[in-house]
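Inspection log for the structure reproduced underneath, given as structure tokens.
The values are calculated or read from the model by the stated rules, or taken from the named source; none is laboratory data. Fair warning: this is a prediction, and the values are worked out from it, not measured in the lab. Reconstructed Cβ throughout: ideal geometry from the backbone, glycine too, with neighbour counts over all protein chains shown. Please note that ligands, DNA and RNA were not included when accessible areas were found on the heavy atoms of the full protein model with its side chains. Shrake-Rupley method; radii C 1.70, N 1.55, O 1.52, S 1.80 Å.
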Amino acid sequence: MTVRVRIAPSPTGSLHIGTARTAVFNWLYAHHEGGQFILRIEDTDEERSKPEFTDNILAGLQWLGLGWDEGPFFQSQRLDLYRQAIQTLLDQGLAYRAYDTPEELDTMREIQKAKNQAPRYDNRHRDLTPEQQTNLEAEGRSAVIRFKIDDSRTITWNDLVRGPVTWQASDLGGDMVVARASSTGTIGQPLYNLAVVVDDIDMAITHVIRGEDHIANTAKQILLYEALGSAVPAFSHTPLILNQSGQKLSKRDGVTSISDFQAMGFVAPALVNYMTLLGWSAPDGAEQFTLDEAAQQFSFDRVNKAGAKFDWD
Ligand code: GLU
């Protein structure tokens, strides 16, 4: 099996150090294994995605020396593929149209809140009869497409960093929206979890290496792999980069974009070296190395579970 990994940034901002560090770990693993590193731009959010951010991301990865073997692929050019997968789910009865209005969903959540329950979709449109559907459509309602989540399921995977991870499907918030609202009979804008799974299947990704903020998505995505009849890749959730007070590093902490570090005069080999050490340590204890040297020694057993503190000093 050839290892195939990917970095999948959303071009809604400049290349962030967290995304760049995820790219570093993907690159190191691909090179350690003689595999392929794929670049996919997740630009389905039309409002927030900007071409200048895509340019910034590509330039940043190149500057850091994180060249890719395939891509960039753009999700915005692959919408038909996602719609086909959604149609398959609909045809197989694994997804359905839900006609709830925003007001109805708000009321549902308020009632849940008043009862101290976690917000979730109560799957009320899961089993509509064709007649009920026709009536709702006649009211002029649009429909999102929801993927059925079997609440009785337990989802488990053996995470390469965290070991066995278990999620109860009942904690995933009810049947999940995979396409935005659209008028009768059409499929609206496909959403993140669905697009990622369709792409990772289509691109034959063997290892999904990404930040631990995606863990709940992984549980949902595993259900989608199964529904689409596809093998589930290995998952590796890498620790977040934290600020000095232990919170996720954010724009409020000052410089977080690779292009800003570049403008400040940091050199790429040093920055990439430092990012490699945010959550990983070399077996021989080395602290200075090139990407190629780190790749020779890279493995997930030396990636920490705990967040990695960014330290200006
Ligand atoms: N586009 C996602 C992000 O920017 C990454 C998704 C993934 O790696 O699966 O966080």
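Quick notes
- Helix 79-91 vs. the chain, principal-axis angle (Cα, 0 to 90°, nearest 10): 40
- Area accessible to solvent at Asp171, 1.4 Å probe radius, in Å²: 100
- Each 5 Å bin from zero holds the following percent of Cα-Cα pairs in region 109-216: 2, 9, 13, 18, 20, 16, 11, 6, 4, 1, 0.
- Note on exposure: Thr156, Thr12 ranked by accessible area (1.4 Å probe, complete protein assembly) read Thr156, Thr12, with the most exposed listed first.
- DSSP bridge pairs, the chain: antiparallel proportion in percent, nearest 5: 55
- Rounded to 10°, Cα long-axis angle of helix 192-202 versus longest principal axis of the chain: 70
- Taking all protein chains together, Trp63, Trp27 sort by accessible area into Trp63, Trp27, largest first [probe 1.4 Å].
- Charge dipole (debye, nearest 20) of region 1-146; +1 at Cβ of Lys and Arg, -1 at Cβ of Asp and Glu: 500
- Dipole of region 39-125 [Lys/Arg +1, Asp/Glu -1 at C-beta], most positive-end residue of Gly71, His125, Gln87: His125
- Principal axis dimensions, region 1-152 - Cα atoms, whole angstrom, descending: 57, 35, 33
- Rounded if a/c under 1.5, otherwise prolate or oblate - region 1-75, Cα gyration tensor axes: prolate
- Sorted largest first, the spans of the alpha carbon positions of region 241-295 along the three principal axes are 35, 26, 13 Å.
- Radius of gyration and Dmax over the Cα atoms of the chain, both given in Å: 21.2, 69
- Taking a ≥ b ≥ c as the square roots of the eigenvalues of the alpha carbon gyration tensor, region 18-61 is prolate, as a/c is not under 1.5 and a/b beats b/c.
- Size of charge dipole - the chain - debye, nearest 20, with Cβ of Lys, Arg +1 and Asp, Glu -1, no other charges: 460
- Taking the C-alpha atoms only, the angle from helix 215-227 to the longest principal axis of the chain is near 60 degrees.
- Surface exposure of the chain, expressed per residue as accessible area with a 1.4 Å probe, stands at 48 Å².
- Within the accessible area of region 1-114 (1.4 Å probe), percent carbon and sulfur: 47
- Assigned charges on the beta-carbon of Lys, Arg, Asp, Glu; region 175-230 dipole about Cα centre (debye): 140
- Once the C-beta distance of Val255 and Glu287 is scaled by a Förster radius of 30 Å, the resulting FRET efficiency is 0.85 to the nearest 0.05.
- Point-to-point label distance, Asp69-Ser182, nm (Cα→Cβ direction, 7 Å offset): 3.4
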